[in-house]
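Have a look at the structure below before the remarks.
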Amino acid sequence: MKSPTTQHAPGPHVVVVGSLNLDLIARVERLPAAGETVAGSVLLRRFGGKGANQAVAAARQGARVAMMGCVGCDADGEEYCRRLARSERIDARAIHHVPNETTGTALIAVEGHGQNSIVVVAGANARLTPAMIRAQANLIRGAKALLLQLEVPLPAVLAAMRIANATGVPVFFNPSPLRPDFPWGRVALHTVVVNEIEARHIFGRSPDDLSRKPAVWRRRLAERRITQILVTRGAESTLCLTTEAMFSVPTLRVRPVDTVGAGDTFAGTFTARMAEGSSLADAVALANVAGGLATLKPGAQEAMPSRRETERWRTKLR
Ligand code: RIB
């Protein structure tokens, strides 16, 4: 089945390969411990998934975005693709509608300070194949940036990365949720966006430790064929480690209501801004602003800011 056609926004061309989920979000006073039941106050049904969240964040910054992924042949999948195309002006034609599958679902609990815990049932996301990616290779070849996460099967992720590498399209990678079998060093990655826990797993050292030893992190980047990494640290400044330099960029001071999707907003905003030629420092500053604003309302996509809002709030950066 074909997804709805769309009127594309002007601007750079970002291709996102990733997941699309229906998020069922329960508001709780505190997150349940193992074996514990807690009462939820509000239940929300929102569209999410790391891939689609990042695509929406990039589109709201003005990027021309195409999304590759899978939804089920169900009402949720239909509604989601229609919404991406009509409300976000995202090209949804490379999203497959998989027969006899349900659209991916995330069960999310959000506590009083905005922290969350998430269980994802992949559903149709697990059906994305290298063949589906290769069938859309021209979309990737014509892009200014390819953006991926790890909520879809690794062979499909690697197939997309290899197409981008072969044509010199920069690969932006948010390796979340982290997988132990990702073959670091086998593909070239322009930017890797991680949190502190992910950074420690990938590089075998804490980001603070790495930032004190330039020779060590340069070697670790080169071994993994990574040009630069960005380490998001919640309310703390974002650490940028490139093969040339190390610096940190302040975040926006906010009182978070719901942090679901904040990291996705950061990754999508950063990629959109880099694709249009912003400097690294500028792109990180704007991504920090957008990521902070995204925590001010429940749901991953509801509070993602527009380009104009992002720029207006940038003046408030510490
Ligand atoms: O990063 C947030 C996202 O993770 C949610 O939207 C949920 O769908 C899970 O994939």
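The values are calculated or read from the model by the stated rules, or taken from the named source; none is laboratory data. Bear in mind the structure is a predicted one, so any value in this text is a computation, not a measurement. Neighbour counts are summed over all protein chains in view; Cβ atoms, including those assigned to glycine, are modelled from backbone coordinates with ideal geometry. With ligands, DNA and RNA removed, areas are computed over all heavy atoms of the protein, side chains included. Shrake-Rupley method; radii C 1.70, N 1.55, O 1.52, S 1.80 Å.
For the reader, a short list of remarks on this structure follows.
Here's the yes/no breakdown for (1) open to solvent by less than 60 Å² (accessible area, probe 1.4 Å); (2) modelled with pLDDT of 90 or more:
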| site | (1), (2) |
| --- | --- |
| W217 | yes, no |
| L221 | yes, yes |
| R224 | yes, yes |
| E244 | no, no |
| T251 | yes, yes |
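- Any hit, the range 106-118, residues being touching a helix residue (DSSP H, G or I) at 6+ places or on another chain (Cβ under 7 Å) and either open to solvent by 60 Å² or more (accessible area, probe 1.4 Å) or without any contact (Cβ under 8 Å) to a residue 60 or more places away in the chain (or both): no
- Residues in the range 279-308 that are among the acidic types (D, E) and either within 12 Å of the ligand (Cβ to nearest atom) or not in a helix (DSSP H, G or I) (or both): E302 only.
- Residue within the range 16-23 that is within 16 Å of the ligand (Cβ to nearest atom), closer than 22 Å to M274 by Cβ and aliphatic (A, V, I, L, M) present: yes
- Residue within the range 268-275 that is in contact with a Gly (Cβ under 9 Å, 6 or more places away or on another chain), open to solvent by 10 Å² or more (accessible area, probe 1.4 Å) and within 28 Å of V42 (Cα to Cα) present: no
- Filtered by the rule that a residue be under 19 Å from A143 (Cβ atoms) and surrounded by 18 or more Cβ atoms within 10 Å (Cβ to Cβ), the range 169-189 gives V169, P170, V171, F172, F173, N174, V187, L189.
- Members of the range 26-60 found to be over 14 Å from the mean Cα position of the chain (by Cα), not acidic (D, E) and not in a strand (DSSP E or B), listed by number: R30, L31, P32, A33, A34, G35, T37, V38, A39
- In the range 226-242, the residues that are within 20 Å of G292 (Cβ to Cβ) and open to solvent by less than 70 Å² (accessible area, probe 1.4 Å): L230, V231, T232, R233, G234, S237, T238, L239, C240
- Residues located in the range 91-105, provided they are in contact (Cβ under 8 Å) with a residue 40 or more places away in the chain and more than 16 Å from the ligand (Cβ to nearest atom): D91, A92, R93, A94, H97
- Of the residues making up the range 217-251, those that are within 23 Å of G48 (Cα to Cα), over 14 Å from the mean Cα position of the chain (by Cα) and either away from the ligand (no atom under 16 Å from the Cβ) or hydroxyl-bearing (S, T, Y) (or both) are R233, A235.
- Evaluation of A262 against (1) aliphatic (A, V, I, L, M); (2) away from the ligand (no atom under 16 Å from the Cβ); (3) within 18 Å of the chain's Cα centre (by Cα) (one fails), failing number: (2)
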